[in-house]
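Heads up, the thing below is written out as structure tokens.
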């Protein structure tokens, strides 16, 4: 590794080898050659004078790219596509004359972008499914364990640990639907020519529109697509990049919510991310177990969410049939959005595979607040013994505020139950109150909701995608 120049941390610390290869030059240029082969085969099938021998020659050199020739040629012509056309022609002298026939640079550039985004979305999809599978297992395991729920980050009413996990899981279900929608609507640019009019193909096929349309269909099929864009300028609409990166932003939003919740829960000591045996939490404080994985998710998610603005601005500033101010921006913004989400999902796979729950802490924190949650039950029980509902309500208000003051101002345990038991107007013993002061009585339908959600929504998705679910992820750093 070179240490005297900038190297993207996506390459060295975050993104997987698989995602890095998808956005590599090798994958790009191999795809260019597949597109040139698809173009030649389609043109031959529709009657152009292209021979089987020429196509066989192209196929023989589809993978062994002569990079040294392309690099030397690009220094001379300052055009990446034409340097690769030249290099391919050096390897395929008999087919040289028909390489890139009728095409413009965007034929390989834009169509490759669509192929690469499809490949990347499919990899992201498998990792989203992997995280879903882990969280589904976790939610089922802890669907019955009561814990304190929060609104405004203030204690509200109890829920369960599994129900909270189902909220994270539901966001991933929504993200998966968005991925599937985007995959189903992706279309190749096709062979549209310089300004999208297909004028060069009109010349090649003597104005035969059926043959021109058939060429596009054949190319799409060869590249694994079922359609091409119906109209375009020189490029496909850059709104497509925006739509795709918006899907990635949505995944980042889900991950950010998860990571923030986990960081708070780790502060509460209720849950933790995995912590390796030799891991160091702080250079100064040896006892610390910082939530570094979830902090990294938060950090990368922030980057991806902000990155979604780039393709929006690009799409909104394209002039007429195209400008080139999209090129430098989109090759960074789209690639890094995918690399960022790939890194986020790798970390989530790691974290969700080893989530740690501390049941005693979860219960202790809940029990410290539960007396306040139980005041309505206490009031109803006292009314049954002859008490006045309005008077008891006021007394509970006063006792609750006094108990809260003891907790906040003196740092002592919640003594609300003792105060109620000492008040003769309630006619309740401590044993009677404790009998119904069970957390399981205050979680509503949370356990049933988790079971229903898993059975009707999540498990069918996972079953349908068996074999496409990513496994454990090893972190690069």
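Cα extents of the range 105-361 along the three principal axes, largest first, in whole Å?
Rounded to whole Å, the extents work out to 80, 38, 35 Å.
Taking the 0 to 90 degree range and rounding to the nearest ten, how far is the long axis of helix 105-141 tilted relative to the main principal axis of the chain, both from C-alpha atoms?
Once rounded, the angle reads 20 degrees.
Fewest first, what order do 375, 429, 240 take by the number of other Cβ atoms within 10 Å?
Listed from fewest to most nearby Cβ atoms, that is 429, 375, 240.
Once you place label points 7 Å from the Cα toward the Cβ at residue 292 and residue 96, how far apart are they in nm?
5.6
Principal axes first, then extents: for the Cα atoms of the chain, list largest minus smallest coordinate on each axis, whole Å, largest first.
Sorted largest first, the three principal extents are 103, 52, 40 Å.
How much mean residue ellipticity at 222 nm does the chain get from its helices, if each DSSP H run of length 4 or more adds -39500 (n - 2.57) and you divide by all residues, to the nearest 500 deg cm²/dmol?
-20500 deg cm²/dmol
Measure nothing fancy, just the Cα-based angle from helix 209-222's long axis to the longest principal axis of the chain, in degrees from 0 to 90, nearest 10.
Between helix and principal axis, roughly 50 degrees.
If you fit an axis through the alpha-carbon atoms of helix 327-352 and take the longest principal axis of the Cα set of the chain, what angle between them do you get, 0 to 90°, nearest 10?
The helix 327-352 is inclined about 40 degrees to the chain.
How large is log10 of I(q)/I(0) for the range 357-476 at q = 0.17 Å⁻¹ when the intensity is taken from the Debye formula with one equal scatterer per alpha-carbon?
Log-scaled intensity ratios, in q order: -0.91.
Counting other beta carbons within 10 Å of each residue's own, what order do 339, 48 fall into, fewest first?
So the residues, fewest neighbours to most, are 48, 339.
Can you give me the pair-distance distribution of the range 18-98, C-alpha pairs, 5 Å bins, whole percents?
In whole percents, the pair-distance histogram is 3, 15, 25, 23, 17, 11, 5, 1.
In the range 375-436, what is the volume of the convex hull around the alpha carbon atoms, normalised per residue and reported in Å³?
Hull volume normalised by residue count: 73 Å³.
Just need log10 I(q)/I(0) for the range 75-168 at q = 0.15, 0.16 Å⁻¹, Debye formula, equal scatterers on the alpha-carbon atoms, no solvent, rounded to two decimals.
One equal scatterer on each Cα of the range 75-168 leads to -0.76, -0.82.
Share of Cα-Cα pairs in the range 179-272 beyond 17 Å, in percent?
64
Test of understanding: ordering 434, 229 by Cβ neighbours within 10 Å, fewest first, what list do you get?
Listing 434, 229 from fewest to most nearby Cβ atoms yields 434, 229.
Just grab the label-to-label distance for residue 63 and residue 269, each label 7 Å out from Cα along the Cβ direction, in nm (one decimal).
5.8
Please compute P(r) over all alpha-carbon pairs of the range 303-424, binned at 5 Å starting from zero, and give each bin as a whole-number percent.
2, 9, 12, 10, 8, 6, 5, 5, 6, 7, 8, 7, 6, 5, 3, 1, 0
Rule-based calculations on the coordinates, nothing more; no lab input. Fair warning: this is a prediction, and the values are worked out from it, not measured in the lab. Note: ideal-geometry Cβ built from the backbone for every residue, glycine included; neighbour counts use all protein chains shown.
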